[in-house]
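All remarks here apply to the structure that follows.
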Amino acid sequence: METLDLVYLGLVAVALLADHFVIWPRFVRSSRAEPQLARLALWKSWMGMLWVLSLAAALLWIYLHRPWDLMGLHLPTGWRIWTSAGAVLAVVALYAPTISKLCRISAERKAALRTRFGDHAEMLPETQRELAWFIALSLTAGFCEELIFRGYLIWALHTVVGLCAAAALSCLVFALAHSYQGVSGIIKTGGIGALLTVIVLAFGSLIPAIVIHALIDVAQGVVAWLVLRQFPAAKQTVAAVS
């Protein structure tokens, strides 16, 4: 790891602190008055931050003449490509029945399901336009977060503490980066991060993890939209009262 790598890791740390202490608190404040505008501003902020960090990582990689294989940006080969394809299909099979069922259930049942989202409903899509933006955010997170956390971070740290410790630290940082979701969110995100890390290490490639990460985020957004899309008025009333 070179000095420029330390500079980049510092940039990542600053971005995560800005997210926790600036971007998220600003969203919480503005969502009480204009939840839809607040959601779009939050998603755009996250996408901008992730693409800036990813572009910086790519430019640094090019400047230092490093092969992309070192960061896992190549397709898996042999049995790994077929196994990774099976893992992608497993994610689709996991969410497809839920999405199909939500398309058919009654409005009363959806109203009951809505309470399960709790406070996080404020950051989830309710309209078709919001769903489109959320899908864009999900695709961004799938590529950029894998590049940053499972690609660059693991590569940089493994030269100092070894591969296993680097993978564990990457999972920890990834989980803490989602601390706005509370303790349960940190644990859930940490579990997903650990699964994605195992996928990267097992297949020797970021590509399957990128696809699976994006699919999970898109599917969760669609599930949320199917439940919340009929309740914008009630949601705004709750926000106004709070």
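Taking amide H atoms as placed 1.01 Å from N in the peptide plane, the amide H of His74 lies under 5 Å from those of Leu206, Ile207, each 5 or more residues away in sequence or on another chain.
With the cut-off at under 18 Å, measuring from each backbone N in the stretch 125-147 to a point 7 Å along the Cα-to-Cβ line of Ile99 picks out 125-143. Rg/Rh for the stretch 3-241 stands at 0.99; both radii use Cα atoms, and Rh follows the Kirkwood definition. Relative to the longest principal axis of the Cα atoms of the chain, the long axis of helix 128-145 makes an angle of roughly 20 degrees. For the stretch 1-40, the percent of C-alpha pairs falling in each 5 Å distance bin, counted from 0 to the bin holding the largest distance, reads 6, 24, 17, 14, 12, 9, 8, 6, 3, 0. Report note on the peptides 191-199, 138-146: ranked by the mean count of other C-beta atoms within 10 Å, highest first, their order is 138-146, 191-199.
Rounded to the nearest 10 degrees, the angle from helix 79-102 to the longest Cα principal axis of the chain is 10 degrees. Using a Gaussian network model of the chain in which every pair of alpha carbons under 10 angstrom is joined by a spring, one finds that among Pro97, Pro208, Pro25 the greatest mean-square fluctuation is at Pro97. Spacing of the modelled spin labels on Val52 and Trp79, each 7 Å from Cα toward Cβ, amounts to 4.5 nm. Computed from the C-beta positions of Ala202 and Val22, the FRET efficiency with R₀ = 25 Å rounds to 0.10.
From helices alone, the chain scores -24500 deg cm²/dmol at 222 nm; the rule is -39500 (n - 2.57) for each run of n ≥ 4 DSSP H residues, then divide by the residue total. Distance from the Cα centre of the stretch 12-40 to that of the stretch 46-65, in angstrom? Measuring centre to centre over Cα atoms gives 22 Å. If a spin label sat at a point 7 angstrom from the Cα of Gln128 along the line to its beta carbon, the backbone N atoms of the stretch 200-227 nearer than 18 Å would be those of 222-227.
Under 19 Å of direct C-alpha separation, and excluding same-chain neighbours fewer than eight residues apart, Lys44 reaches these aspartates and glutamates: Asp19, Glu34, Glu122, Glu126, Glu130, Glu145, Glu146, Asp217.
All of the numbers you see were taken from the coordinates with simple rules; none came from a lab. If you're wondering where the values come from, they're calculated on a predicted model, not measured in any experiment. Backbone-built Cβ (ideal geometry, glycine too); neighbour counts: all protein chains shown.
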